[in-house]
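Chemist: Submitted below is the structure of interest, expressed as structure tokens.
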């Protein structure tokens with residue numbers, strides 16, 4: 001049995017260092033710039049192909065061009081399609097129009113595991129199957145996972161899930177295998193517009209800041225970064241986004257918090273409750289005294 | 001009611017993935033683990049104060065409930081053959097890991113205590129096991145509150161300040177019910193008192209939790225969770241009253257009071273489980289509180 005470092009993962013902003021890697025390469029991640037996503041789904045396909053993620057139903061959802069519906073055990077990249085009666089910046093909208101005849105805009109966004117700085121899935125995993133890599137990413141070890149399912153409701157983004165018929169939990173590995181030989185993740189490689197950018201996180205953050213100010217300068221005032229801030233409820237995301245509307249419009253939580261932030265308070269209350277239970281039982285016997 | 005106007009969503013899809021746990025296994029375990037844990041504490045009290053009838057029924061039923069708990073937990077795993085991986089690490093950040101180690105110590109102690117009592121063999125070992133189970137029991141009954149509240153499920157997480165007390169009182173109420181059902185009337189004095197204290201605490205703490213947890217409390221007042229919740233509270237009150245008034249005089253009344261408390265405790269756990277799943281399936285429960293938090297941060301005066 002290994003006693004895992006119980007040093008709270010809420011410490012520090014460098015997850016690989018917090019996880020105990022003394023000497024490690026820089027943290028890597030994704031910057032997904034949804035303003036240039038064209039909804040081609042090459043990322044979804046490349047991810048499924050490379051990672052041999054099984055088919056999980058060929059259905060039409062009626063949700064615009066999105067027939068994947070959301071992230072899960074068998075969908076590690078998911079392209080969202082949102083149709084809105086609005087203009088995007090100064091764009092001239094095309095032929096597509098909404099029912100009342102007004103012009104619409106299309107928002108497209110490729111969602112993925114956020115590889116949180118403070119990852120709830122990793123914190124709650126009882127087997128140590130989920131681990132922090134030297135690159136700061138979060139990966140499931142499929143030979144260890146026993147399918148307890150605790151990571152599933154722990155994730156504040158609804159990313160990880162249990163695979164039907166397999167029983168284990170699966171999610172994006174940020175192509176840990178490809179990174180180990182110096183290649184970039186399959187989704188970023190396949191993206192034709194560089195909407196999905198892979199690289200050292202520090203560099204991606206600078207690039208995202210530049211892109212944001214460029215968009216604001218050009219009049220796209222609704223552009224915002226999501227998951228970029230190291231001070232947010234999950235300590236910042238390893239995979240962050242440039243969005244053109246509120247996060248919940250894309251199915252993302254507006255202010256996610258890693259559940260283990262409150263765990264010390266939970267344990268304290270469990271201790272008080274257990275002592276109260278023991279005390280009450282003692283009291284009901286003490287009052288009666290030994291039986292005659 | 002949460003105003004609908006505040007909400008935007010992606011085609012009404014949930015934000016978080018709902019628990020994959022099966023209700024019979026996991027809600028069942030929350031009940032059985034509580035019954036076993038509090039039952040072991042009662043067995044310890046019965047042993048010390050010389051109430052062998054009460055000691056026997058609580059030791060035996062706790063061992064059975066602990067065994068069924070383990071079976072339910074293993075049954076719920078996606079890879080049952082790998083259940084021993086639960087003891088591969090010890091992580092205080094994972095209540096499931098802490099609970100696995102707790103159960104790995106508690107369940108054998110429980111079994112030894114029961115076997116020694118039933119067979120009359122190895123009485124010294126049996127006494128030690130009874131004491132061990134009595135000390136660990138309250139922890140077994142309460143840690144599960146941290147287990148479910150340490151998730152992103154709104155109706156669980158948002159109740160974390162109250163859940164351990166709901167679980168402690170629900171477990172004690174179930175253990176009192178067990179004593180009332182199975183022990184001879186001459187032994188049931190302490191569990192009658194426990195029934196009234198714990199039953200009252202169960203109703204009060206659960207009601208406080210639902211009221212004070214914010215918008216997520218609504219999940220406890222809708223659908224299946226609401227039905228189980230109401231039925232549970234009514235049965236708790238009925239069990240308390242009959243435990244206090246009639247159970248000291250009539251074996252039948254005692255058994256009925258105990259059965260009501262046991263059923264009520266199970267219903268409380270199923271209601272909590274169902275409210276959690278319902279709150280995970282509806283993006284409102286995730287988005288609205290987060291939006292309010294952001295609004296409060298940007299406008300501290302409100």
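Chemist: Could you tell me which residue of the range B:191-209 is nearest to the other protein chains (Cβ to nearest Cβ), considering only residues that are touching a residue at least 40 places away in the same chain (Cβ under 8 Å) and closer than 16 Å to residue B:159 by Cα?
Modeler: Across the range B:191-209, the extreme among qualifying residues is B:205.
Chemist: Against the conditions (1) closer than 30 Å to residue A:147 by Cβ; (2) touching a residue at least 12 places away in the same chain (Cβ under 8 Å); (3) surrounded by 24 or more Cβ atoms within 10 Å (Cβ to Cβ); (4) facing chain A (nearest Cβ under 10 Å), where does residue B:97 fall short? Just the number, please.
Modeler: It is condition (2) that residue B:97 fails.
Chemist: Another one. Given the criteria touching a helix residue (DSSP H, G or I) at 6+ places or on another chain (Cβ under 7 Å) and either within 20 Å of residue B:210 (Cα to Cα) or within 12 Å of chain A (Cβ to nearest Cβ) (or both), does residue B:251 qualify?
Modeler: Criteria not met by residue B:251.
Chemist: Moving to a separate point now. Checking residue A:231 against (1) crowded, with 18+ Cβ neighbours inside 10 Å; (2) free of Cβ contacts under 8 Å to residues at least 60 places away in the same chain; (3) more than 30 Å from residue A:38 (Cα to Cα); (4) more than 7 Å from chain B (Cβ to nearest Cβ), only one condition comes out false. Which one?
Modeler: (1)
Chemist: Return the residues of the range A:253-264 that are at the interface with another protein chain (Cβ under 7 Å from one of its Cβ atoms) and either part of a helix (DSSP H, G or I) or touching a residue at least 60 places away in the same chain (Cβ under 8 Å) (or both); say none if nothing qualifies.
Modeler: Those that are at the interface with another protein chain (Cβ under 7 Å from one of its Cβ atoms) and either part of a helix (DSSP H, G or I) or touching a residue at least 60 places away in the same chain (Cβ under 8 Å) (or both): A:253, A:259, A:260, A:262, A:263.
Chemist: Looking only at the range A:47-63, which residues are outside any helix (DSSP H, G or I) and either over 11 Å from residue A:76 (Cα atoms) or out of contact with any strand residue (DSSP E or B) (no Cβ under 9 Å at 6 or more places or on another chain) (or both)?
Modeler: Selection gives A:52, A:54, A:55, A:56, A:57, A:58, A:59, A:60, A:61, A:62, A:63.
Chemist: Mind checking whether some residue in the range B:167-174 is touching a helix residue (DSSP H, G or I) at 6+ places or on another chain (Cβ under 8 Å), within 8 Å of chain A (Cβ to nearest Cβ), surrounded by fewer than 24 Cβ atoms within 10 Å (Cβ to Cβ) and in a helix (DSSP H, G or I)?
Modeler: Taking every residue of the range B:167-174 in turn, none turns out to be touching a helix residue (DSSP H, G or I) at 6+ places or on another chain (Cβ under 8 Å), within 8 Å of chain A (Cβ to nearest Cβ), surrounded by fewer than 24 Cβ atoms within 10 Å (Cβ to Cβ) and in a helix (DSSP H, G or I).
Chemist: Please work out if residue B:66 is in contact (Cβ under 8 Å) with a residue 12 or more places away in the chain, under 23 Å from residue B:273 (Cβ atoms), more than 14 Å from chain A (Cβ to nearest Cβ) and buried (at least 24 other Cβ atoms within 10 Å of the Cβ).
Modeler: Yes; evaluated as a whole, the condition is true for this residue.
Chemist: Related question: Would you point out the residue of the range B:110-134, among those that are farther than 24 Å from residue B:266 by Cβ and in contact (Cβ under 8 Å) with a residue 60 or more places away in the chain, that is surrounded by the fewest Cβ atoms within 10 Å (Cβ to Cβ)?
Modeler: Of the range B:110-134, the ones farther than 24 Å from residue B:266 by Cβ are B:112, B:115-132.
Keeping just the survivors that are in contact (Cβ under 8 Å) with a residue 60 or more places away in the chain gives B:117-118, B:127, B:130-131.
Numbers: B:117: 24, B:118: 13, B:127: 16, B:130: 27, B:131: 17.
The selected residue is B:118.
Chemist: Could I ask something else about it? Please find, among B:155, B:145, the residue that is within 8 Å of another protein chain (Cβ to nearest Cβ), under 17 Å from the mean Cα position of the chain (by Cα) and not in a loop (DSSP other than H, G, I, E, B).
Modeler: Within the list B:155, B:145, the selection yields B:145.
Chemist: Would you tally the residues in the range A:192-224 being in contact (Cβ under 8 Å) with a residue 24 or more places away in the chain and over 26 Å from residue A:117 (Cα atoms)?
Modeler: Qualifying residue count, the range A:192-224: 6.
Chemist: Which of the residues spanning the range A:208-228 are surrounded by fewer than 19 Cβ atoms within 10 Å (Cβ to Cβ) and within 14 Å of another protein chain (Cβ to nearest Cβ)?
Modeler: Result: A:222, A:224.
Chemist: Against the condition at pLDDT 95 or above, under 16 Å from the mean Cα position of the chain (by Cα), part of a helix (DSSP H, G or I) and at negative phi, how does residue B:233 come out, does it pass?
Modeler: Yes, satisfied.
Chemist: Evaluate the range B:15-37: report whether one residue or more is touching a strand residue (DSSP E or B) at 6+ places or on another chain (Cβ under 9 Å) and either at pLDDT below 95 or at the interface with another protein chain (Cβ under 10 Å from one of its Cβ atoms) (or both). Show your work before the answer.
Modeler: So the first thing to find is which residues in the range B:15-37 are touching a strand residue (DSSP E or B) at 6+ places or on another chain (Cβ under 9 Å), and the list is B:17, B:20.
Filter once more, keeping what is either at pLDDT below 95 or at the interface with another protein chain (Cβ under 10 Å from one of its Cβ atoms) (or both): B:17, B:20.
Within the range B:15-37, one or more residues are touching a strand residue (DSSP E or B) at 6+ places or on another chain (Cβ under 9 Å) and either at pLDDT below 95 or at the interface with another protein chain (Cβ under 10 Å from one of its Cβ atoms) (or both).
Chemist: Quick one: in the range A:123-137, which of the residues that are closer than 13 Å to residue A:18 by Cα and more than 7 Å from every other protein chain (Cβ to nearest Cβ) is nearest to the chain's Cα centre (by Cα)?
Modeler: A:137
Chemist: Here are some conditions: (1) within 15 Å of residue A:272 (Cβ to Cβ); (2) within 7 Å of chain A (Cβ to nearest Cβ). Residue B:162 meets all but one. Which one does it not meet?
Modeler: All conditions are met except number (2).
Chemist: Residue A:185 fails exactly one of the following numbered conditions: (1) away from chain B (no Cβ under 14 Å); (2) exposed (fewer than 15 other Cβ atoms within 10 Å of the Cβ). What is the number of that condition?
Modeler: Tallying (1) away from chain B (no Cβ under 14 Å); (2) exposed (fewer than 15 other Cβ atoms within 10 Å of the Cβ), residue A:185 fails exactly one: (2).
Chemist: Let me ask you something else. Counting only residues that are in a loop (DSSP other than H, G, I, E, B) and touching a residue at least 24 places away in the same chain (Cβ under 8 Å), which one in the range A:167-182 is farthest from the other protein chains (Cβ to nearest Cβ)?
Modeler: Applying the filter and picking the extreme gives A:175.
The values are calculated or read from the model by the stated rules, or taken from the named source; none is laboratory data. Fair warning: this is a prediction, and the values are worked out from it, not measured in the lab. Reconstructed Cβ throughout: ideal geometry from the backbone, glycine too, with neighbour counts over all protein chains shown.
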